[in-house]
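Single-structure report; data block below.
The values are calculated or read from the model by the stated rules, or taken from the named source; none is laboratory data. Computed from a predicted model, the values in this text were never measured in an experiment. Here the Cβ positions follow ideal geometry from the backbone for every residue, glycine too, while neighbour counts run over all protein chains shown. Surface accessibility is based on the protein's heavy atoms, side chains included, excluding ligands, DNA and RNA. Shrake-Rupley method; radii C 1.70, N 1.55, O 1.52, S 1.80 Å.
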Amino acid sequence: MAVAELWETLKQAIVAYTGLSPAAFFTAVAVAAALYHVVSGIFAPPPPPRQRPREEPEAEPLPPPVQLGEVEEEDLRQYDGSDPKKPLLMAIKGQIYDVTQSRMFYGPGGPYALFAGKDASRALAKMSFEPQDLNGDLTGLGPFEMDALQDWEYKFMSKYVKVGTIKKAAPAEDAPETTETTTAEAEPEKAPATEDKPREASPEEVATEKEATTDVAGAKES
């Protein structure tokens, strides 16, 4: 009922203000809308050209790992990622692995960049970034730290290629004992053998001895 009354009121307003019948009025509105759409389409600026999606450069394939063999620990430092033309290497428990494929982690600016070019066994076991732990010395590590290091080693063995080993420093050979033993014992000095030669009796002693012998014999006879 209310809608019918509203419609009758609207028709009367259209007739009063435009002088057109409601049907003519709505037809004129529809034609005007269509005409506006056509004219705006003609004079509207052309849409901007669609930009082609940028083709991302294909990542260059990584070079095959280069086997180093047995190297000194000092030689490993040149593979710390500072030279992009060289592979990125690091070692665990003396075993060297090529981690070039994870340059975002172990390369310059990565969270583990300090480990590159070194044997980082102690640092990985302790999860330490202290300079004094960036070595392969396992002295004093506890069982939990050794287990953590073992997990890291298994991860590297399964993910990265082993390319060499760190040459172990030869243990310092004990210098041969040069204890000079003097076996020459001081021989006791032998006193020169001095044989007492019988001393020759003087004539007086001989005469005295004879007299004594005579006296003794005379005493026996008496």
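Things worth noting here:
- Site pair Ala16 and Gln132 shows an inter-label distance of 9.9 nm when each label is modelled 7 Å from Cα along Cα→Cβ.
- Cα-Cα pairs of the stretch 41-158 separated by more than 20 Å (percent): 51
- Computed accessible area, Arg77, all protein chains, 1.4 angstrom probe, square angstrom: 140
- Rounded percent of accessible protein surface that carbon and sulfur make up, the stretch 12-147, 1.4 Å probe: 60
- Full-extension gain in nm, Val29 to Leu62, via 0.36 nm per residue minus C-alpha separation: 5.0 nm
- Label positions at Lys85 and Val38, each projected 7 Å from the Cα along the C-beta direction, are separated by 7.1 nm.
- Average accessible surface area per residue within the stretch 1-156, 1.4 Å rolling probe, Å²: 73
- Dipole magnitude for the stretch 36-136: about 620 debye, using +1 per Lys or Arg Cβ and -1 per Asp or Glu Cβ, origin at the Cα centre.
- With all protein chains in place and ligands, DNA and RNA left out, the 1.4 Å accessible area ranks Met157, Met146, Met104 as Met104, Met157, Met146, largest first.
- Charge-dipole axis of the stretch 1-143 as Lys and Arg at +1 and Asp and Glu at -1 on Cβ define it, positive-most pick from Gln67, Pro46, Ser82: Pro46
- Against the criterion of solvent-accessible heavy-atom surface with a 1.4 angstrom probe, Lys168, Lys159 sort, most first, into Lys168, Lys159.
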